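The next block holds one structure in the form of structure tokens; read it before the comments.
The values are calculated or read from the model by the stated rules, or taken from the named source; none is laboratory data. Note that the coordinates shown come from a computational prediction; the quantities given were computed from them, not determined experimentally. So basically every Cβ, Gly included, is an ideal-geometry build from the backbone, and we count neighbours across all protein chains shown.
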Amino acid sequence: MDKSAKIYVAGHRGMVGSAIVRRLRSAGYTNLLTRSRAELDLTNQVSVIAFLSDERPDYVFMAAAKVGGIHANNTFRGDFIYENLIIEANISHAALRAGVKRMLFLGSSCIYPRDCPQPIREEFLLTGPLEQTNEPYAIAKIAGIKLCESFNHQYGTQYVSVMPTNLYGPNDNYDLKNSHVLPALIRKAHEAKLRGDTSYEVWGSGRPMREFLYVDDMADACVFLMEHDEIKDGLFNVGTGRDVTIRELAETVMDVVGFTGDIVFDASKPDGTPRKLLDVERMRQLGWAARTSLREGIAKTYADFLSSAKD
């Protein structure tokens, strides 16, 4: 990408979008195009078409999405499938109409079947039933992948899809009702420490295994793919290639936060998919690998949490 190219980052205030903006700026890209939700409603087709037709960016990073953890996905099923479908359809179609040749679409590892062979390769997509707790969100993301594939096939665009594993980092959502597991554990451990509790509660059995990727590593992978002109289409898993149990994750969070109590598992709450480890060989063959260790990333995220709590 030319350093002066106009680059639109949809969802720039979110965790992933803000990390992409940081990564682009650190690499010397100076012509970044962003709009807040108040400035541009991405669920409004007319507004999105008008915006991209007027601005005509050279590149688009589609990081805008409605996201949440197990509770939010399972409770607001209609909202998750509708909003994500309409956002990705509006942006990709408006980008096509505006002549945008290259775009990167951010999906999610939940697109893969619930009982996938491990580690999960890209070709396992649509080979089995999805995890029910987040099926609507997953279906919306699968539709986004197929939009990119179909536009590439029909119009010769170069729309690439990336499937990140569980992400965490600065600008994460720490709301216990709607957040993902890692930020929820950080908040729970921190508040338990402040109260002087002897234990803190973790949803599920603690046995499921999850892979976690620091969001700045994810942003680096996104820019890496867009900077390689020979990568014109396709689906790419992005992760660390290593996973831990939820128990091990909770213990690491406790250690970083400085909470010395016990963990109490609430087995009445859902575990979700038993294991979800991505095969990241495709990215490794291209020359990319994650750099941030889990403990280092959690420490940076906890510092962000403390900073946001002061604001």
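Table for the structure above
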{"read-out": "Hey, R247 touching a Lys or Arg at 6+ places or on another chain (Cβ under 9 Å) and farther than 19 Å from D217 by Cβ or not", "value": "yes"}
{"read-out": "The range 275-311, residues that are among the acidic types (D, E), over 18 Å from L235 (Cα atoms) and within 20 Å of the chain's Cα centre (by Cα)", "value": "E296, D304"}
{"read-out": "Test set (1) touching a Leu at 6+ places or on another chain (Cβ under 8 Å); (2) without any contact (Cβ under 8 Å) to a residue 60 or more places away in the chain; (3) within 21 Å of A290 (Cα to Cα); (4) not hydroxyl-bearing (S, T, Y) - K188 fails condition number", "value": "(3)"}
{"read-out": "Complete set of residues in the range 74-123 that are assigned to a loop (DSSP other than H, G, I, E, B) and hydrophobic (A, V, I, L, M, F, W, C)", "value": "F76, A98, V100, C116"}
{"read-out": "Criterion violated by A64 - all others in (1) outside any loop (DSSP other than H, G, I, E, B); (2) touching a strand residue (DSSP E or B) at 6+ places or on another chain (Cβ under 6 Å) satisfied", "value": "(1)"}
{"read-out": "Residue within the range 182-191 that is of a type in the set (A, V, I, L, M) and outside any helix (DSSP H, G or I) present", "value": "no"}
{"read-out": "For A290: the one exception among (1) in a loop (DSSP other than H, G, I, E, B); (2) within 16 Å of Y214 (Cβ to Cβ); (3) out of contact with any strand residue (DSSP E or B) (no Cβ under 7 Å at 6 or more places or on another chain)", "value": "(3)"}
{"read-out": "Number of positions in the range 250-283 that are under 16 Å from M163 (Cα atoms), outside any strand (DSSP E or B) and not acidic (D, E)", "value": "4"}
{"read-out": "L33 aliphatic (A, V, I, L, M), at pLDDT 95 or above, out of contact with any Leu (no Cβ under 7 Å at 6 or more places or on another chain) and farther than 18 Å from M103 by Cα", "value": "no"}
{"read-out": "Test result for K146, basic (K, R), part of a helix (DSSP H, G or I), at pLDDT 95 or above and under 17 Å from the mean Cα position of the chain (by Cα)", "value": "no"}
{"read-out": "Only listed residue being within 16 Å of the chain's Cα centre (by Cα) and closer than 18 Å to R210 by Cβ, chosen from T165, T133", "value": "T165"}
{"read-out": "Qualifying residues in the range 128-156 (those that are surrounded by 13 or more Cβ atoms within 10 Å (Cβ to Cβ) and among the hydroxyl-bearing types (S, T, Y)) - the one farthest from H71 (Cα to Cα)", "value": "S150"}
{"read-out": "Odd one out for R247 among (1) in a helix (DSSP H, G or I); (2) over 21 Å from the mean Cα position of the chain (by Cα); (3) at pLDDT below 95", "value": "(3)"}
{"read-out": "Candidates R77, R97, R102 - the one that is of a type in the set (D, E, K, R), surrounded by fewer than 16 Cβ atoms within 10 Å (Cβ to Cβ) and over 16 Å from the mean Cα position of the chain (by Cα)", "value": "R97"}
{"read-out": "Residue within the range 39-61 that is under 22 Å from D271 (Cα atoms) and under 18 Å from the mean Cα position of the chain (by Cα) present", "value": "no"}
{"read-out": "Near pairs, Cβ below 7 angstrom, 6+ apart or cross-chain, from the range 259-284 (at positive phi) to any residue that is part of a loop (DSSP other than H, G, I, E, B) and modelled with pLDDT under 95", "value": "G272/E131; G272/P208"}
{"read-out": "Hey, I87 touching a Leu at 6+ places or on another chain (Cβ under 6 Å), buried (at least 18 other Cβ atoms within 10 Å of the Cβ) and either acidic (D, E) or farther than 30 Å from D54 by Cα (or both) or not", "value": "no"}
{"read-out": "Restricting the range 164-191 to residues that are hydrophobic (A, V, I, L, M, F, W, C) and surrounded by 21 or more Cβ atoms within 10 Å (Cβ to Cβ), the residue that is nearest to K141 (Cα to Cα)", "value": "L167"}
